[in-house]
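Quick note: the coordinates plus some simple rules give every number you see, no bench work behind them. The shown structure was predicted, so the numbers you read here are calculated from the model rather than taken from an experiment. Neighbour counts are summed over all protein chains in view; Cβ atoms, including those assigned to glycine, are modelled from backbone coordinates with ideal geometry.
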Amino acid sequence: MQFIIDSADTKAIRHCMEFFPVAGVTTNPTIISKEKSDFKQLIAEIRSIIGPDKMLHVQCTSDTADEIVAEAQALKAIAGGDFYVKIPVSAEGLKAIRILKGQGIKVTATAIFTQQQALLAALAGADYVAPYINRLDNIVSDGAHVVEEIVTLFKMHNISTKVLAASFKNVEQVHKVSMVGCPAVTINPELFDQLIYHPLTLYAVDAFTADWEMVYGEKKILELLK
Ligand code: E4P
């Protein structure tokens, strides 16, 4: 399963890259706008932080197929490395996905809310489809159930497109999609920290330290093995 950083905050990306097993970075126009920086430089900086082998997903901002294709080509040139253009599902978006597939540019179909949107995007050639979990949960739908059915559909129809679940607000949502076989999630940096937080873990480590220090004081293992 792949964990991806849903952020354009370079400090937070560095933090996640240092401590977590991440497969890359996803952005969208909202995430990019938050940084209020030069767009071209920001994309280049994110690429230099993550290196050429990690995935970088950048969303197009146009809504006609021809313009989406032109944006994808330009973005690929700037982003370099393992690049994916994110394209919201629409008729023009599906057309663009088909054209870009023919040009060898990898695509993540995004802003997905239904199983059939995911299926059509996959058949058009998308490499990933990104259903929005929290936004589904917010409208009393069930994000994890939508993911489960997309995963099942892809298996049933022998489709190699992967589900990249997005829009998470809590650990439970991430857990639920991982339990239904979702192959990839993109989560914000704060959620990475929350995924590993548990007070009983901190309590256990404090107890180990206290027991150790009663016998060995401040000395650590390396000192004792000299
Ligand atoms: C993925 O890249 C999506 O654009 C993103 O996760 C949406 O998240 P939000 O619902 O928190 O805006």
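A few notes on this one:
- Estimated D of region 165-224 in µm² per second, where Rh is the Kirkwood radius over Cα pairs and Stokes-Einstein applies at 37 °C, 0.692 mPa s: 228
- For Y128, net neighbour charge (Lys/Arg +1, Asp/Glu -1) across residues whose Cβ lies under 15 Å away: +2
- Cα principal axis extents for the chain, largest first, Å: 70, 38, 30
- Near E190, once Lys and Arg are set to +1 and Asp and Glu to -1 for all other residues with Cβ below 14 Å from its Cβ, the sum equals 0.
- Kirkwood hydrodynamic radius of region 15-57, from inverse mean 1/r over distinct Cα pairs, in Å: 11.1
- Surrounding net charge for Y84, when Lys and Arg each add one and Asp and Glu each subtract one, Cβ distance under 15 Å: +2
- Trypsin sites (Lys or Arg not before Pro) restricted to region 1-97 and DSSP loop, no more than 11 other C-beta within 10 Å: K36
- Modelled this way, with points 7 Å down the Cα-to-C-beta line, the labels at I49 and T201 are 2.2 nm from one another.
- Exposure proxy for T30, T161, T64: other Cβ atoms within 10 Å of each Cβ, ordered fewest to most, give T30, T64, T161.
- Computed over the chain, the per-residue total of -39500 (n - 2.57) for DSSP H runs of n ≥ 4 gives a 222 nm mean residue ellipticity of -16500 deg cm²/dmol, rounded to 500.
- The order of T201, T114, going from fewest to most other C-beta atoms within 10 Å of their C-beta, is T201, T114.
- Taking 23 Å as the limit for the C-alpha separation, the pairs K54/K162; K155/K176; K95/K176; K95/K169; K34/K95; K11/K176 exceed it in the case of K95/K176; K95/K169; K34/K95; K11/K176.
- Cβ-to-Cβ counts within 10 Å put F113, F208, F192 in ascending order as F208, F113, F192, the fewest first.
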